[in-house]
Amino acid sequence: MDREIFVTIIGAEGRMGAELLANVSLMEGISVTDAVVRPGSESVGSVIGPEGVRVTDDMDTAVENADVVIDFSAPEACLAAAECAARFETPFVSGTTGLSEAQIAELKGRSSDAAVLWAANFSVGVNVLEQLVELGVKAAGEGFDIEICEAHHRRKVDAPSGTALFLGRAAARARDVDLDDVAVHGREGHTGARSDEEIGFQVIRGGSIVGEHTVYLAAEGERIELTHRATDRGIFARGALRAAQWMAGRHPGWYSMKDVLFGDS
Ligand code: NAD
C-alpha cells in the first residue's frame, strides 16, 4: 500500500508500546492515530510519544479510526482487541505472548472476519532462526537431542517464552510430532535418562535481558548451538510496524511473519 497508513496501538503505556511510539516517528508512511491504555488509566486524555498521540481507553473508536491495530498488551486485552478488530474488519497485528492454546484458537477464529497476524517474536533474526532450526533438525536426523534454553528480564510474566515455544514447534514439525506430546519443561520431577523424543525447555529470568534463545542439537561427541540474542527491544517494534504496513488492506485470514518476510507480496 503506497498511501500513509494509520495504526492504533493497544498497550501503549507498556515497554513495547513505548518502543512502537518511538520507532514509528522514524518511519515514513505510517503514523499512530490512537494509543489505547488499560481502562481507567490516569493517562487517558493526555498525549504520549514523540508525535503526541492521543491516549484513550475507548477501544472501539480507536480501532474504528485505524487501518491496522497493533497489540502488545496482555492475553485478555489482546482477545478483546481482536474481537473489536474483527467487528470493524480492521487488520490486527499482535505480539502478545502467554496465550493458552484455547486463546490462540480464539484469535485464529477472528481471522475469518479480519486479517490477523500473531507472532511470538517480530525480530527478523528469530524468524530466520526458526527456519534454520527446522532445517537443522531435519538434516541432523536421529541421534541429536533437542534442548531449548531461553533467558529474559526479571519482569517477564510467561515462561517458557512464546519464542521458545515457536522454536520448539519448528523442531517438532521437522520431526513430524506434536510439540505438546514431547515437550518437557525443566527437569524437576523427571528422574532417569532423557528420552530420544523429548524437546526440553530451560528458563532463565534476571535483570534486564531483552531476550536470548539457544536451540541445542546435542549428539554423542558433537553438538550444534543455534543462538539468537536480542539487545534492543526496538527490533520487535520495527518488525511489528513492518508487519502492519504489509497487513494494511489485507483480506481476512491468518498470517505469520513468514508471510511478511518470505512471502511473495
Ligand atoms: P508491559 O507489561 O510493559 O506492557 C503491557 C501493557 O498492556 C501495560 O501498559 C498494560 O497496562 C497494558 N494493558 C493491559 N490490559 C490492557 C487493556 N485492556 N487495554 C489496553 N492496555 C492494556 O509488557 P511489554 O514488555 O510491553 O510486553 C507486552 C506483551 O508483548 C507481552 O505479552 C510480551 O511478552 C510481548 N512481547 C512480544 C514480543 C514479540 O516480538 N512478539 C516482544 C516483546 C514483548
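Quick rundown of the values:
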item	result
Segment 21-82, accessible area per residue, ligands and nucleic acids excluded (1.4 Å, Å²)	46 Å²
Per-bin percent of Cα-Cα distances, segment 117-265 [5 Å]	2, 9, 18, 20, 19, 15, 10, 5, 2, 1, 0
Residue order for S41, S161 - accessible surface, 1.4 angstrom probe, largest first	S41, S161
Accessible area in the full protein assembly, largest first, 1.4 Å probe, for M247, M27	M27, M247
Charge dipole magnitude, Cβ of K and R +1, D and E -1 - the chain, Cα centre, debye nearest 20	540 debye
Kirkwood Rh and Cα Rg combined as Rg/Rh, the chain	1.00
Residue-level accessible surface for E147, protein heavy atoms, 1.4 Å, Å²	40 Å²
Computed accessible area, M16, all protein chains, 1.4 angstrom probe, square angstrom	30 Å²
Accessible area, probe 1.4 Å, largest first, for residues H190, H152, H251	H251, H190, H152
With every protein chain in place, segment 1-147: carbon and sulfur % of accessible area (1.4 Å)	50 percent
E134 accessible area, 1.4 Å probe, all protein chains in place, Å² to nearest 10	30 Å²
Under the Debye formula (equal points on every Cα, no solvent term), log10 I(q)/I(0) of segment 1-134 at q = 0.16, 0.17 Å⁻¹	-0.80, -0.90
Compactness of segment 156-223 as Cα Rg over 2.2 N^0.38 Å, two decimals	1.19
Loop sites in segment 33-76: GluC sites (Glu not before Pro), DSSP, at most 13 other Cβ within 10 Å	E42, E51
Straight-distance crosslink candidates among aspartates and glutamates, where the alpha carbon sits under 19 Å from K258 and sequence neighbours closer than 8 are dropped	D71, E130, E134
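The values are calculated or read from the model by the stated rules, or taken from the named source; none is laboratory data. In this text the structure is predicted, and so the values were computed from the model without any measurement. Here the Cβ is made from the backbone with ideal geometry for all residues, glycine too, and neighbour counts use every protein chain on show. The protein model used for the area step is the full one, side chains on, heavy atoms only, and it has no ligands, DNA or RNA in it. Shrake-Rupley method; radii C 1.70, N 1.55, O 1.52, S 1.80 Å.
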